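Down below is the structure, laid out as structure tokens.
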Amino acid sequence: MCHRTFCSVALRSAVLAGLLLGSAQQGSAEPAVVRFEPAPAATHPAIRRVGPADLEAKIKKILLKQRSPQQEAEVAETLVELGPDAIPVLLEWVIGEPLSKGAKEGDTIPVAFGQMDQVRRIARAAIDGFPGADVLKVIEANRPSEPDQEKDLSRLRLIGELGSAQGFALFFEISSKLDSRILDSQHHRMWAEAAITNILASEPEALSALNEHLDDLSEVDLSIVVGALSQVPRADAMATLLKIVSNDAPSNSRVKALGRKALEFAWVSNPDPRPYLRLIAASNDSSLRRLASYYLAQLMDLQSVETLIDQIDPETVEGRSAARSLTFMAGGWLYDSAPEWTAWWNREQQFWRDRGKDLLKNLSDNQPGVALKALKELNQHPVYRAELAEALAYSLVDLPPEAALTACKTLEQIGSARAVPGLTGTLLSGAGDLREGAWNCLRTITGQDLPADAWSWNSYVSP
């Protein structure tokens, strides 16, 4: 792995904010006290648990000297210059077990109020200056044989923050020894998912590395992976997520994870998550049916319209949910009964056969007024707005400038992710105001704040 630079520290902190051990105390001016306890001997012959005595003392002296926040990066660089023997010592501060040369159990060192947070922040930044593979080796070598729940949680956080695919094996080895109730709690599950998400987002090969571990994971770890896959901004994570969800008994949490992923990357059709969601929408579990139907409606899945109409019943929760889903697809509340919705759907299908497909072709017509007239008519049939968004996005570069900018505003209003590939192409071949309009539209639809260049967005669309 390439040598890490300090510019990555801010990004990693933003991705996993709050995951560093320790938080600033408030309201007291008394000095805090750090108590040192002896630690077990090293288990790896090639790596010392701590550096030489003079190195350890030097690191301690550097860390415990009070500095302004503006000096922290410079101090971290100084620690990196001490070489890889500094890694074990720095890890002790980050994980929460700082040592002192010659310290005996019960010995204390006064630390000024709030300084411990700065000490660990500097030590953590210094760790980023070393190759991640080296840091992982030290974590593995110095892990005691007996589990320590709190320190193991800190190790898992750090492995996630390192963002290396090589960390998966150690992450799952440590997590498998934790009490399952710990990672089942909402708080710990959130940061565990964030840790896996950061690794997946940091390295392209991380997804392949994760796939190698799936068959050996506990149910708790597998649930954490499902949560991470649903959050990571990678279109290719859909295949792994769909594999996990479809190979196991359906549950609300997993259907939600797949539904959220499908909405974020609605243009992904290989693999297509909608057939699985349709299967769940026809299952015997009413809760799962409602959930799957909700996401299919959000995806504007036209094959689900008749299923939703069949489910309408004002006397049941499921029937009312189906009516709300149809209302979303139709662009507003239209009817109360299933026969009325059926008549509406028959009219919409007739429009699509007679006019809709031809109007989509007119969107790329560069004759004055033709495209805008087609757009206006298509907008009167909201149930087809996903088809409209996809076709319109690919037509932008063919439209007159004024019509193209109007089309961009329409795409922002529709908000369908199916427009993303076409908008990305506009960044490559569009010019001036159109490129800026497409870029703003991409950021609105996806929530991603990527630069206005086609390469960055192509990597997001097809990693």
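The values are calculated or read from the model by the stated rules, or taken from the named source; none is laboratory data. Remember, it's a predicted structure, so these values are computed and weren't measured experimentally. Cβ coordinates were reconstructed from backbone atoms using ideal geometry, including for glycine residues, and neighbour counts include every protein chain displayed.
Observations
- Selection from the stretch 348-369 of residues that are within 23 Å of Glu306 (Cβ to Cβ) and surrounded by fewer than 11 Cβ atoms within 10 Å (Cβ to Cβ): Arg353, Asp354
- Residue in the stretch 248-262 that is surrounded by fewer than 21 Cβ atoms within 10 Å (Cβ to Cβ), under 13 Å from the mean Cα position of the chain (by Cα) and modelled with pLDDT of 95 or more present: yes
- Qualifying residue in the stretch 281-300 (condition: free of Cβ contacts under 8 Å to residues at least 24 places away in the same chain and of a type in the set (Asp, Glu)): no
- Residues in the stretch 213-242 that are among the acidic types (Asp, Glu) and either in contact with a Phe, Trp or Tyr (Cβ under 8 Å, 6 or more places away or on another chain) or without any contact (Cβ under 8 Å) to a residue 12 or more places away in the chain (or both) were compared, and the one that is farthest from Leu183 (Cα to Cα) is Asp215.
- Taken together, the residues in the stretch 429-460 that are within 23 Å of Ser364 (Cα to Cα), at pLDDT 90 or above and aliphatic (A, V, I, L, M) amount to 5.
- Verdict on Tyr384 being of a type in the set (Phe, Trp, Tyr) and free of Cβ contacts under 8 Å to residues at least 24 places away in the same chain: no
- Helices (runs of 4 or more DSSP H) enclosed by the stretch 106-201 - at least 1 residues per element that are under 19 Å from the mean Cα position of the chain (by Cα): 149-162, 168-176, 180-184
- Test result for Leu153, of a type in the set (A, V, I, L, M) and at pLDDT 95 or above: no
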